[in-house]
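Read the structure below first, then the notes.
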Amino acid sequence: MQRPRGTWTNFDDEILVGEMRTIPQPDRGLLFFAMQRFAKGDDAGFTLKAYGDDLFVLKKKGRSGRSLFFTYDEADRTSLVLLLAYKKESDEAPENLINTARERRGSYIARRRQE
């Protein structure tokens, strides 16, 4: 049995719903599937790439949907924090999207520390 990696949490529900809608079906649904499998510890059917600072991109092989996230550890649980979702433009994540994800990461951490 695989060990779960954590549970998905959105940086901001409204923003991410809008970003997910930019990814056409069936790629959006397949990205959700890849995210679920990743969270459950299953390594089949998706690609994971590290961009430093605990920032990762997850994608379903051969599809256009991408998710940028990081792992946030709290006392009793690990959250996989979805920072940004987008449709593939090239093989590498565009620098402006990586910068936006890093800014959102900083905002999320600051917000959690205030709670």
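Report ³J(HN,Hα) in whole Hz for each residue of the stretch 38-44, in order, from the Karplus equation J = 6.51 cos²θ - 1.76 cosθ + 1.60 where θ = phi - 60°; Gly and Pro get x.
Calculated HN-Hα couplings, in order: 4, 4, 7, x, 8, 9, 8 Hz.
Within the stretch 14-112, report the GluC sites (Glu not before Pro) that DSSP leaves as loop and that have at most 12 other Cβ atoms within 10 Å.
E74, E89, E92
Along each of the three principal axes of the Cα atoms of the stretch 7-114, give the extent in whole Å, ordering the values from largest to smallest.
Sorted largest first, the three principal extents are 39, 29, 26 Å.
Within a 10 angstrom radius of the beta carbon, how do D53, D27, D76 rank from fewest other beta carbons to most? Provide the component values of the computation, followed by the final result.
On the way: D53 12, D27 18, D76 5.
Result, fewest neighbours first: D76, D53, D27.
Label point 7 Å out from I15 along Cα-to-Cβ: which residues of the stretch 81-101 have amide N under 11 Å?
Output list for this probe position: 82-85, 100-101.
Compute, for the stretch 7-114, the length of the dipole vector about the Cα centre, with Cβ point charges of +1 (Lys, Arg) and -1 (Asp, Glu) only. Units Debye, rounded to 20.
Rounded to the nearest 20 debye, it is 260 debye.
Using θ = phi - 60° and the Karplus relation 6.51 cos²θ - 1.76 cosθ + 1.60, list the HN-Hα couplings for the stretch 45-62 in order, rounded to whole Hz, with x at every Gly or Pro.
Going residue by residue, I get x, 8, 10, 10, 10, 8, 10, x, 6, 6, 9, 10, 10, 10, 8, 7, 4, x Hz, with x marking Gly and Pro.
Under the rule of at least 5 residues apart or a separate chain, name every residue whose amide H is placed under 5 Å from the amide H of R5.
K40, G41
So what J values fall out for the stretch 94-101 if you push phi through Karplus, 6.51 cos²θ - 1.76 cosθ + 1.60 with θ = phi - 60°, rounded to Hz, Gly and Pro as x?
x, 4, 5, 6, 5, 5, 4, 4
Every number in this text was worked out from the coordinates using simple rules, so none of it is lab data. Here the structure is a predicted model, which is why all the values come from computation and not from measurement. Counting neighbours? That spans all protein chains shown, and the Cβs are built from the backbone with ideal geometry, glycine included.
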